[in-house]
Each structure stands twice: as C-alpha cells, then as structure tokens.
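Q: Before I ask anything, here is the structure I am working with.
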C-alpha cells in the first residue's frame with residue numbers, strides 16, 4: 001500500500017489522514033490526527049469463513065495508551081491491563097456503527113483495533129477512531145463498500161457545536177454521538193438535559209449533514225478489490241418442502257402471545273421437521289434451520305405491516321402491562337421492582353460517603369465518580385444456563401445508557417453530598433431491560449430519599465420497513481428487536497429527553513420518520529410516567545435509617561491544615577470521639593458522616609470551632625487556662641486563647657483575679673478587640689451586659 005496523506009475539514013477543524021505508513025501487514029490501516037490527538041486504526045480478517053455459525057464474528061477493541069497523555073498508569077501494575085469502561089463504550093460505538101454495513105453472510109473472523117497514540121487533552125478521540133476505522137476498512141479487501149463517519153454534537157447557549165473540545169463539553173447541555181453513511185444513520189448515542197423532540201431532531205439533522213460531507217471525501221481513497229460474499233444456495237426441492245410446512249406453521253406461531261409458548265411451539269416444529277427430513281436430506285439440518293428462520297422472520301414482519309398488529313396482540317403504540325412495587329427489600333436504602341410485560345428489573349440504591357466515590361484513572365486524568373449505575377443480566381433472566389464470568393460489554397453499555405438517563409436529574413453535590421450507587425438486576429427479560437432499569441432506578445432513588453429534579457422513564461421503539469411501507473412500534477419485545485430494522489431507546493422526564501440510543505439496520509430513515517418515532521416515544525414515556533407517579537410521584541422526605549447520616553460544611557481552604565492538625569491529631573480526635581468519618585476536598589468542603597445524628601452534629605460543631613475565625617462582638621464559652629496577676633487567659637475556640645483583663649471581669653472593682661476565677665472554670669465572654677498585633681481581648685463584663 002503506497003503512502004497517502006489527506007486533510008478532511010469538519011466544521012473548521014482539520015482531520016489529517018495518513019495511510020501506507022504504519023501497520024502495513026494489516027488488511028487495512030490508517031492514522032488519523034486532529035490537533036495533537038493521534039489515533040491508529042487497523043483491521044484484520046481471517047482468510048477463510050468460519051463454519052457452523054450464523055453470526056458475523058466481529059471484535060472491536062479501542063484502547064488508550066496512557067503514554068498518549070504523558071501519564072503512567074495508576075495502581076500496583078504500571079501497565080495497561082483490561083479495558084476500562086470508557087474504552088469498552090467507545091469499542092461498542094465503533095462496533096454498532098460498522099456491523100450493519102457488512103454483508104449478511106460474512107463469516108470470516110474480523111478484528112478492528114484502534115489505539116490512541118497521542119492525546120492533547122482537548123480534541124476527542126471518538127470521531128477520529130470511527131473515521132480511521134472506516135478508511136482502514138474502505139481501503140482493505142474486506143467487503144465493506146460504504147464509508148462511514150461520526151460526529152459529536154454539543155450545545156452551548158442554545159447553539160449547536162460540531163465536535164466540541166473537552167472544555168466545551170463541560171459547558172454543553174447535550175452530548176450526542178452519531179455515525180452513518182452518506183445515505184443513512186447507523187448509530188446514535190446521546191445524553192441531554194431535558195431536550196425537546198424538536199431540539200434533538202435539529203441536532204440529528206446537523207450531524208447527518210456533517211457526516212455526508214465526510215463520507216464523500218473518503219471515496220477519494222483507493223480501495224483494494226473486495227472479497228465477494230455469496231448468499232447460501234439451498235436445494236430447491238428441500239426449500240419447497242420446508243416452505244410448504246413452514247409457512248402455515250410460522251403464520252400460526254407468530255400469533256402466539258407468550259414468549260415461552262411461542263418459542264416452544266416453533267422449536268418443537270423445527271425438531272419434528274428436521275427429524276422427518278433427516279433420511280432424505282442427511283446433511284442439510286443447518287439449511288433447514290436457516291430456511292425456517294427466514295420464513296418466521298418474514299411472517300412476523302408481515303403481521304405488523306399488513307395487519308397493524310403484533311405477536312402479543314398489541315396495537316403498534318401500545319405498552320405492555322406495568323406493575324411497580326417500591327421499598328420491597330429490608331435494610332436496603334432504596335428499592336423498586338419494576339415489571340413491564342415479561343421484563344423485570346430489581347433496582348436498588350445505596351447511599352455512601354464521599355470516601356465511597358470511585359477513583360477513575362483515565363487517559364484524560366484522574367477524577368472521582370460520585371454516581372454509579374451497575375446493570376447485571378444473569379442467564380436465568382432468559383431461562384438460560386449461563387455462568388457469571390465478569391461483566392459483559394453489553395452490561396456495561398446498557399448500564400451507561402441508564403446512567404446517562406438518570407444523571408441529568410440528580411441533585412448537585414452541594415444539595416446532596418452522598419455518593420450514590422444504583423444497581424439494576426434483571427430478573428426477567430423480553431425486551432428493553434435497559435429502559436426498565438431507568439424506570440426502576442428513578443423510583444428506587446425516590447424511595448431512597450434522593451431529591452431528583454423529576455421522575456425519569458424510558459421506552460424502546462422499533463421499526464419494520466419494507467420499501468415505502470413502514471410501522472413504528474412502541475415498547476418492543478425481544479423478538480421485535482431481533483426482527484426489526486431499528487432499536488430506538490428514548491428516556492426522559494415530562495419536560496424532555498435525557499438519554500437516547502439508536503441502532504439502525506436499514507437506509508432511508510427520513511427526518512419525517514425520525515420525528516414520528518420521537519413523538520411516539522414521547523407519548524409512550526408520558527404513559528409510563530403516569531404509571532410511575534401513581535405509585536410514587538416525589539422523593540421520600542427522609543433517607544433510610546440504615547443510610548449514613550451526613551452533613552456538609554465549607555471551611556476556608558487555609559483552614560484545612562488546621563482542621564487536620566499535626567500528624568492528623570485534630571481530625572482523628574473528632575472522628576474517634578464521635579464515631580464519625582470526615583472527608584475533606586481541596587475546595588474546603590467537609591463531609592461528616594456517621595450512624596448517629598447527634599454525634600454527627602456534635603462533630604460538626606467541633607469542626608466549626610476549630611475552623612471558625614474569631615469574630616469581634618461575638619459571645620463565646622471560654623475555659624480558663626492560666627491565671628496571671630493582671631488577668632486570666634481563656635481558650636474560647638480550639639487553639640484560640642484571649643486575655644480577660646482584671647478590669648473586664650465584673651462591673652465592680654476586682655482586687656485579685658483569684659477572687660473571681662480559677663483554672664478550669666468555664667465562663668461566658670465577649671471578644672471585644674483584636675489589636676494590631678493580633679492579640680485577642682475578651683470581656684466577661686461585656687458578655688454579661690449583652691445577655692442582660
């Protein structure tokens with residue numbers, strides 16, 4: 001492959017693309033540079049197709065080398081190990097962007113590897129990674145014949161921005177990632193602060209226009225001769241026999257409402273027909289399976305398009321029955337069981353102290369994550385024996401979608417200082433378990449007493465499209481996801497969208513069709529919110545008795561050292577005496593938490609005493625620490641002593657200090673002066689007058 005270098009202008013920012021320079025033994029490779037961020041994308045495929053599988057064996061690995069940002073990995077092992085969640089999420093974005101564009105029967109092992117080699121702290125790697133992947137695939141011999149591109153859209157002060165920098169992303173109320181070809185979108189992922197459907201559509205249209213211009217430039221790159229992929233050719237006699245029995249059986253099967261009954265019916269029929277045809281066609285069991293799956297696929301789609309009804313008897317915009325139970329687990333800080341049709345999520349909330357925040361060691365730097373959402377999908381949820389061997393990429397992706405949906409309505413750390421962990425355990429699944437996690441998570445947070453700004457619900461939309469005829473489906477179940485042309489998940493409040501995810505398998509998705517899907521999703525979301533509000537419409541006024549009690553105060557930054565004390569003496573004393581935990585951040589926020597409210601409040605007073613500046617005119621309780629002939633020294637704040645002159649001890653004349661005071665006495669004093677040398681002068685006489 002000869003060396004080639006091109007520049008691609010995207011909204012005033014230049015992507016510099018180089019090929020034929022590195023990784024030349026891969027089927028395709030590409031270096032993409034934006035600013036001082038550099039990404040390497042490579043693609044490699046097996047030479048022969050894998051036998052006996054019915055899916056495309058594609059693996060995408062996006063990895064960030066910490067040297068790219070001039071950092072050494074944290075932790076005990078100073079090298080990159082398993083991918084972080086952030087890397088897995090971008091791997092999924094790439095996978096979802098390119099997978100629909102390969103031929104249906106491509107069965108060769110395919111590996112996409114993307115490495116971040118340099119990172120400037122501002123220019124995003126995500127769009128560069130997808131652009132590099134597209135060019136590497138386009139120039140390779142793999143059967144990838146339609147370039148793709150990706151953009152990130154933000155919005156600041158109501159103005160949409162293409163590929164915002166990291167600083168701009170912090171100010172943005174939208175984080176929208178979109179990929180697609182010149183003719184169609186293939187993937188959408190978004191987090192937003194209650195965007196209206198019209199606002200989201202405007203952002204999607206801007207993304208589409210930008211993608212089209214990037215795709216047209218990619219076709220200027222040379223491409224190798226592509227591997228041809230042939231669809232399987234079935235024995236015509238076999239196909240006719242299978243169709244003769246299969247078509248009427250599929251027409252009957254797609255009308256069976258229950259998932260288990262429907263799957264059992266179809267599985268029994270497949271076993272029966274394969275057994276009867278085994279002698280005549282001894283080596284065609286796989287072909288029989290494929291023919292039958294094609295028949296079922298067509299009949300299920302036909303039912304929706306021609307009769308405007310669905311397998312379980314619902315209308316196109318009808319949502320399955322919903323049941324909700326809150327506060328169902330003892331001792332748990334917040335819990336909800338959310339069931340919609342045959343999908344069930346158990347959402348729980350745990351409140352922790354700032355010390356429970358997760359330390360994130362990312363290429364972009366280290367930070368603390370206050371809000372955690374973990375999604376678990378065990379095998380029993382679909383009746384399958386599946387061992388738990390760590391968190392899957394799908395679980396990480398679904399959890400991130402639910403997390404985005406709920407993050408938009410969380411109280412600020414100043415309003416609610418707790419670390420928050422939501423866990424969604426999927427107990428049963430037949431479609432849209434991530435949206436059940438959003439609904440259950442929102443209610444569990446209410447149950448835990450977290451003051452969310454609003455309830456959040458989510459609904460999964462589907463599409464079946466043949467030519468100009470189409471049907472948009474609300475609240476799709478698993479079979480409709482598998483057989484449909486779009487999986488479109490929308491979550492939000494009554495005021496707008498907070499998260500969106502879309503995977504599209506077909507072209508021709510017009511703005512009008514998208515608008516209809518968004519509007520239908522809104523109606524579904526409002527219906528679910530009504531059901532949720534009927535059970536719990538606002539947060540509990542109190543948190544669980546089993547949650548830690550916590551208060552937060554802010555002290556001057558210069559007082560942090562004073563609070564900690566030499567060798568941690570002061571803070572250790574407060575913690576031990578009151579059975580509390582104290583967390584201090586660099587801005588002067590002090591979080592005090594413990595199991596007993598009265599001890600937490602006493603610890604708060606002790607912190608305030610240590611960090612409070614003496615205030616002239618203020619009255620204090622003071623302990624006499626030293627008697628002198630001219631007066632007494634008293635400690636009125638921890639570590640703060642002042643002089644009570646003999647003339648300030650009473651309204652009448654005092655001849656001798658010992659006549660009035662002795663060491664250890666506790667008296668009421670008023671700070672009457674801080675002189676030019678910083679000396680603190682106290683008065684019992686002035687305090688008595690103020691109290692009288």
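The values are calculated or read from the model by the stated rules, or taken from the named source; none is laboratory data. Source: prediction; values computed, not measured. Cβ sites come from the backbone with ideal geometry, for glycine too, and all protein chains shown count toward neighbours.
Q: Scan segment 3-41 for residues that are over 31 Å from the mean Cα position of the chain (by Cα), on the phi > 0 side of the Ramachandran plot and surrounded by fewer than 18 Cβ atoms within 10 Å (Cβ to Cβ) and report the count.
A: Number satisfying all stated conditions: 1.
Q: Which condition number in (1) surrounded by 24 or more Cβ atoms within 10 Å (Cβ to Cβ); (2) touching a helix residue (DSSP H, G or I) at 6+ places or on another chain (Cβ under 6 Å); (3) closer than 30 Å to residue 350 by Cβ is the one that residue 488 fails?
A: Failing condition for residue 488: (3).
Q: Of the conditions (1) surrounded by 14 or more Cβ atoms within 10 Å (Cβ to Cβ); (2) in contact with a helix residue (DSSP H, G or I) (Cβ under 7 Å, 6 or more places away or on another chain); (3) farther than 30 Å from residue 557 by Cβ, residue 651 satisfies every one except a single condition; which number is it?
A: (1)
Q: Given 636, 630, which one is without any contact (Cβ under 8 Å) to a residue 40 or more places away in the chain and in contact with a strand residue (DSSP E or B) (Cβ under 9 Å, 6 or more places away or on another chain)?
A: Exactly one residue qualifies, and that residue is 630.
Conditions tested, residue by residue: (1) touching a helix residue (DSSP H, G or I) at 6+ places or on another chain (Cβ under 7 Å); (2) at pLDDT 95 or above; (3) in a helix (DSSP H, G or I); (4) farther than 30 Å from residue 37 by Cβ.
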| residue | (1), (2), (3), (4) |
| --- | --- |
| 297 | yes, no, yes, yes |
| 303 | no, no, yes, yes |
| 310 | yes, no, no, yes |
| 332 | no, yes, no, yes |
| 335 | yes, yes, no, yes |
| 338 | yes, yes, no, yes |
| 359 | no, no, no, no |
| 373 | yes, yes, no, no |
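Q: Looking only at segment 177-212, which residues are within 21 Å of the chain's Cα centre (by Cα) and free of Cβ contacts under 8 Å to residues at least 60 places away in the same chain?
A: The answer is 178, 203.
Q: So, one more: Considering segment 132-176 alone, what residues qualify as being more than 21 Å from residue 35 (Cα to Cα), free of Cβ contacts under 8 Å to residues at least 24 places away in the same chain and not in a strand (DSSP E or B)?
A: Across segment 132-176, the qualifying residues are 157, 158, 173.
Q: Being surrounded by 17 or more Cβ atoms within 10 Å (Cβ to Cβ) and without any contact (Cβ under 8 Å) to a residue 24 or more places away in the chain narrows it down to one residue among 259, 270; which is it?
A: Within the list 259, 270, the selection yields 270.
Q: If I go through segment 639-690 residue by residue, how many of them are on the phi < 0 side of the Ramachandran plot and free of Cβ contacts under 8 Å to residues at least 40 places away in the same chain?
A: Total satisfying the criteria: 31.
Q: Let me ask you something else. Name every residue in segment 297-318 that is free of Cβ contacts under 8 Å to residues at least 60 places away in the same chain and surrounded by 18 or more Cβ atoms within 10 Å (Cβ to Cβ), in order of residue number.
A: Hits for segment 297-318 are 299, 303.
Q: Tally the residues that are assigned to a loop (DSSP other than H, G, I, E, B), in contact (Cβ under 8 Å) with a residue 60 or more places away in the chain and out of contact with any strand residue (DSSP E or B) (no Cβ under 6 Å at 6 or more places or on another chain), restricting the search to segment 66-123.
A: 10
Q: So residue 291 fits all but one of (1) part of a helix (DSSP H, G or I); (2) within 41 Å of the chain's Cα centre (by Cα); (3) over 27 Å from residue 486 (Cβ atoms); (4) modelled with pLDDT of 90 or more; what number is the exception?
A: Status for residue 291: all satisfied but (3).
Q: Could I ask something else about it? From the list 293, 241, which one is out of contact with any helix residue (DSSP H, G or I) (no Cβ under 8 Å at 6 or more places or on another chain) and either crowded, with 18+ Cβ neighbours inside 10 Å or farther than 30 Å from residue 420 by Cβ (or both)?
A: Among 293, 241, only 293 is out of contact with any helix residue (DSSP H, G or I) (no Cβ under 8 Å at 6 or more places or on another chain) and either crowded, with 18+ Cβ neighbours inside 10 Å or farther than 30 Å from residue 420 by Cβ (or both).
Per-residue answers, yes or no, for (1) touching a helix residue (DSSP H, G or I) at 6+ places or on another chain (Cβ under 6 Å); (2) surrounded by 19 or more Cβ atoms within 10 Å (Cβ to Cβ); (3) at pLDDT below 95; (4) under 18 Å from residue 446 (Cβ atoms):
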{"residue": "382", "(1), (2), (3), (4)": "no, no, yes, no"}
{"residue": "387", "(1), (2), (3), (4)": "no, no, yes, no"}
{"residue": "392", "(1), (2), (3), (4)": "no, no, yes, no"}
{"residue": "401", "(1), (2), (3), (4)": "yes, yes, no, no"}
{"residue": "410", "(1), (2), (3), (4)": "no, no, no, yes"}
{"residue": "415", "(1), (2), (3), (4)": "no, no, yes, yes"}
{"residue": "420", "(1), (2), (3), (4)": "no, yes, no, yes"}
{"residue": "424", "(1), (2), (3), (4)": "yes, yes, no, yes"}
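Q: Turning to a different aspect of this structure: Output the number of the condition that residue 226 fails; it satisfies all remaining conditions of (1) loosely packed, with under 15 Cβ neighbours inside 10 Å; (2) free of Cβ contacts under 8 Å to residues at least 60 places away in the same chain.
A: Unmet for residue 226, out of (1) loosely packed, with under 15 Cβ neighbours inside 10 Å; (2) free of Cβ contacts under 8 Å to residues at least 60 places away in the same chain: (2).
Q: Looking at (1) surrounded by fewer than 18 Cβ atoms within 10 Å (Cβ to Cβ); (2) touching a strand residue (DSSP E or B) at 6+ places or on another chain (Cβ under 9 Å); (3) within 26 Å of residue 608 (Cα to Cα), can you tell me which one residue 676 breaks?
A: Of everything listed in (1) surrounded by fewer than 18 Cβ atoms within 10 Å (Cβ to Cβ); (2) touching a strand residue (DSSP E or B) at 6+ places or on another chain (Cβ under 9 Å); (3) within 26 Å of residue 608 (Cα to Cα), residue 676 misses just condition (2).
Q: While we're looking at this one, here's another question. I'd like the full set of residues that are farther than 19 Å from residue 191 by Cβ and under 13 Å from the mean Cα position of the chain (by Cα), limited to segment 401-420.
A: none
Q: Based on what the data block shows, is residue 449 closer than 29 Å to residue 370 by Cβ, outside any strand (DSSP E or B), out of contact with any helix residue (DSSP H, G or I) (no Cβ under 9 Å at 6 or more places or on another chain) and not assigned by TED's automatic domain parsing to the domain that holds residue 93?
A: The answer is yes for residue 449.
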